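None of the figures in this text is laboratory data; all of them are computed from the coordinates on show. Not measured: the values here are computed from a predicted model. In this analysis, Cβ positions are derived from the backbone assuming ideal geometry, glycine residues included, and neighbour counts consider all displayed protein chains.
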Amino acid sequence: MTMINSAMILPFQRLSLSASLHEKMCDADRMMNAVLKNINGMGYCCLYDSKWTMVYVSEGCQALTGYEGKSFLSGHEIHMELITHPEDREYVRRTIGEAINTQQSFVAEYRIIHASGDIIWVAERGSPLYDEAGEIEAIEGVLQNITRRKLSEIAANQAEERYRSIFENAVEGIYQTTPDGSYLNFNPALVKIYGYESTNDLIQGVADINSQLYAHPKKRDEFIAIMSTHGRVVNFEAEVRRKDGEVIWISENAREVRDKEGTLLFYEGTVEDITERKNHERELEYQSNHDALTGLPNRTLLVDRLEQYIGLADRYHSKVAIAFIDLDQFKLINDSMGHHAGDELLKTMAGRLSQCVRDSDTVVRLGGDEFVLLLTGLHEIEDVAESMQRVLTSVAEPCILESRTFIISCSIGISIYPDDAKDPGALLKYADAAMYKSKQSGRNMFQFYTEELNKRLMERLDMEYRMRQAIENGEFLLHYQPKMDFATCKVCGAEALIRWQPANAPMISPASFIPIAEETGLIEEIGNYVLNEACRQAVELNTLLGEKFTIAVNVSPRQFRQTSLVSSVQAALHLSGLDPACLELEITESSLVDDTKSFIKTLHELKALGVKLAIDDFGTGYSSMAYLKDFPVDRLKIDQVFVSHLETEPSNVAILKAIIALGHSLGMRVIAEGVETAYQQAFLHGIGCDELQGYYFSKPIPMDKLEAFLQR
Ligand code: C2E
Ligand code: MG
Ligand code: MG
C-alpha cells in the first residue's frame, strides 16, 4: 500500500474523523481506484513508443474499449495506437509530442474504435513523465468517454451549418435590424436585392432604413405601426430604392424579437423582390381597364371615374358633364375602306378627343365608334358648350386615311351631374339619349339632355313595346290611296299605306310609328308584312277586275339597306303569284344618303325582278342629280311640300316645273302627291304632270272601298 504523505491529509485532521476513515484516506491506491471508477473512463500509464504500450491501465478499460485491461499490456496484440481512429492518430501523436517538448500536461479529444466496432469519443488528459536525466520515460493520465457530449456538439454544429447555409444561400433577403432602423445582420440575397456590391456597401449605403430605403417617406412608420400592434408584419408590400436609384417592389414578413423581460431587442424578417409580379399585376389591371386599340380607359373604368368625379363635385359644389360622342361616318368608312382604316380613324379621333379636354378630365372609348368624355370641376354650363364646340371642330378637321382625305363629324349628347340625375347609370343613359337626339337632328352637333327629351324617350320605348305586341296581335292593316292619270282621268294604281288599329283605341298614323320602327329595326318585320299583304290583295284585286292593276308599296331606308330586301320581294311575288309588273316599290330619296353605289346596285337587282320603281318624296332629299340618270326608275313622286304651298309660295312653281322636266327628260313619269284642291290639280295638269294622288281625288281607303271605287 502506498501511503499518502502526512502533509496532504492535514486538512482532514482538523475535522474530527473516525480512525477507520482516516486510514482509508491514507490509502492512496484505494483513493486512486475510487477516483478512476467515477470518471467514466480509465487511468493509464504508457510508454512513449509507436504503440503507446501500456504499463498500467485501470479497471474502466473494459467498459471504455471493450477489451480487458491486460490486452493492452506489453506483448499483447491490442495497443492504443491500433484502436485510435486512423484519422486521429496523427493528431494525438502531435498533441502529446508538443506536451513532451514543453513539459506540460495535455488534453486531446479524439476517437477510438471500441471492440464492438463502435466509434467512441474520448477526452485524454495526461502529462509526461521524465527520468532523472530529463528524458521522456512514460505518459500517464486518464481517458474519459465523452461520446454523448461530442455527438450532441457535432449535431449542434451541423444544425448551425445548415442554418448558415440557408441564410447565406437563400433567394429571399433575410435581416435583423434595430427598431430604430439600422442593420444588425443580413444575408447576401438582401445585398443583391437592394443592388449593393457587398455587405459593407449596403451597411454604408443604408445607414438609416427609415430615410434611405423606402421610396415613400411614411412607409417605415406604417411598418412600425403594424409591428407594434401585431408583433409582426405579413406580406408588407412597399416600394424601395435600390442603390442605383431604381425603385423596386418588395414584400416583407418580419417579427419582433424580445428578451425574457419583454424588452424589444430587434426586428427580423425576410424580403422578397416582387417587382415582376407587381408589374404583371399592373399590366393586367391596365389591360382590363383600357381599350387595347386606343389605350383610352374603357367602360370598366368609366363608372369608377364617374363615381370618383361625383364625389369631388359634391365636396366642391361643382358639376360633372357626361358627353356621349358617336362618329357619324364611322360605319361607312369601316365598311368601305376596311377595318384597318377604321382602326386608324378611331386612333386618330381618340387622340383628338384627348387633346380637347384637361388632364383632370377623362376620355373613354366605350366600344365601336362611341366615346364618352367626363368633364369635372364645372361651374358654368357654358364651359361645357365651349368644350363641345372644340370637340366638334377638332373631330371635323381633315383626316387622312390610306392617302385619302376624309371629313368626319360626330354627334354629341350631354348630361349634367347633379342637374339631370344623381346616379351614374341614369347620367350615362341620358347622355346617350341626348346623343341619339343630336344624331337625328342632323348630326355634327351637340345636344343637352332635357326633361322633354326624356319624355319622348319614354314614349318611344312604350311605342316600341306596343308595336311588338301589335305584330303578334295582328293589329296592322293596309289602306290604299288611288292615283289618277291626268291623260285618261282614270285610276292608274294605288299606294298601299299601313294602318295600325289597336283594339279599342283610335287608329295610329304611320307618321308616328314608322320612324320608331325604323330606329328599332322592327321595320323589317313590318315591311315584310306589308309586302306580302299588298301582293296578296293585289292578286285578289286583279282577279276581281279582270285586268292588271299596280299596287305601290313603300320601302323605308332601313328596309332598303337590308341585304334580304331583294329576296323578300322575290318571295312575296312568288308566294302570292303576283305579276311583278303589278308591284311598284316606293323608295324615299334619303335611302341613298350613305352609299350611292350600293343604292344603285340594289335598284338594278330589284328592277331585274320585273317590278316598277318610284322615288318617293322627291325634291327634299339630297339626291345628286348626277346619279339620277343611273337610277332605273319609272316614276318620280314629287314631295307634298311643293304642292301644298303652291297657292302661297309661288317659288314652288319653278321647282315643280323643273322636276317635271327633269323626270321627263330621263324617261320617267312624274306624279304629284298631296293634291287637295281643284287649283292644285288644274295647275299640275297645266305644267305637264302625268299623275296625281291626294285627298282631292281620294283619301287612303280600305280594300273593299277601293274595289267599289274602281268598279264605279
Ligand atoms: P308617303 O309614302 O309619302 O305617303 C303619302 C302620305 O301622304 C300618306 O300618309 C297619305 O295618307 C298622305 N296623303 C295623301 N294625300 C294627301 C293629301 O291630299 N293631303 C295630305 N296632307 N296628305 C296626303 P300616311 O299614310 O300617314 O303615311 C305617311 C308616311 O308613312 C308615308 O309617306 C310613308 O313614308 C310611310 N308609310 C306609310 N305606309 C308605309 C308602309 O307600309 N311601309 C313603309 N315603309 N312606310 C310607310
Ligand atoms: Mg309613299
Ligand atoms: Mg310621299
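Worth pointing out:
- Extension gain, C45 to E452: 0.36 nm times the residue separation minus the Cα-Cα distance gives 134.4 nm.
- Of the GluC sites (Glu not before Pro) found in the range 401-493, the ones in coil according to DSSP and having at most 11 other Cβ atoms within 10 Å of their Cβ are E402.
- Charge dipole (debye, nearest 20) of the chain; +1 at Cβ of Lys and Arg, -1 at Cβ of Asp and Glu: 1140
- Here each label is just a point 7 Å from Cα along the line to Cβ, and for T229 and M32 those points are 7.6 nm apart.
- For the range 463-711, the relative contact order is 19 percent, taking Cα pairs closer than 8 Å that sit 6 or more residues apart in sequence and dividing their mean separation by the residue count.
- Normalised by the number of residues in the chain, the mean separation of alpha-carbon contacts (under 8 Å, six or more apart) gives a relative contact order of 6 percent.
- Cα shape, the range 463-711, gyration tensor, a/c 1.5 rule: rounded
- Rounded FRET efficiency, nearest 0.05, which uses the C-beta distance separating E386 from H317 and R0 of 25 Å: 0.75
- With the convex hull of its Cα atoms as the shape, the chain has an orientation-averaged projected area of 64.5 nm².
- Estimated distance in nm for a label pair at A581 and Y286, the labels positioned 7 Å out from Cα along Cα-to-Cβ: 7.1
- Summary of packing: across the peptides 212-218, 272-278, the per-residue average of other C-beta atoms within 10 Å ranks them, highest first, as 272-278, 212-218.
- Rounded to the nearest 10 degrees, the inclination of helix 28-37 to the longest alpha-carbon principal axis of the chain is 20 degrees.
- Of the GluC sites (Glu not before Pro) found in the range 484-567, the ones in coil according to DSSP and having at most 10 other Cβ atoms within 10 Å of their Cβ are E547.
- Hits among lysines - C-alpha to C-alpha of K278 under 24 Å, sequence gap 8 or more where chains match: K192, K218, K219, K243
- Paramagnetic label zone (point 7 Å from Cα along Cα-to-C-beta, Q103; backbone N under 14 Å) in the range 121-143: 128-137
- Kirkwood hydrodynamic radius over Cα pairs of the range 19-152, then Stokes diffusion coefficient at 25 °C and 0.890 mPa s, in µm²/s: 158
- Anisotropy class of the range 170-279 from Cα gyration tensor, a/c 1.5 cut: prolate
- When each of L284, L583 is scored by the number of other beta-carbon atoms lying within 10 Å, the sequence from fewest to most is L284, L583.
- Full extension of the chain between M625 and E307 gives 109.3 nm of extra length, using 0.36 nm per residue less the Cα-Cα distance.
- Judged by the mean number of other Cβ atoms found within 10 Å, the most tightly packed of the peptides 322-333, 679-690 leads the ranking 322-333, 679-690.
- Listed by chain and number, the lysines whose C-alpha is less than 16 Å from the C-alpha of K331, apart from same-chain residues fewer than 8 away, are K347, K439, K597.
- A661/A396 FRET efficiency (R0 41 Å; Cβ-Cβ; nearest 0.05): 0.65
- Counting only alpha carbon atoms, the long axis of helix 275-289 and the longest principal axis of the chain meet at about 20°.
- Axis of helix 451-473 versus longest Cα principal axis of the chain: the two differ by about 80°, to the nearest ten degrees.
- Segment T543..E676, full-extension length gain: 44.8 nm, with 0.36 nm per residue of separation and the alpha-carbon distance subtracted.
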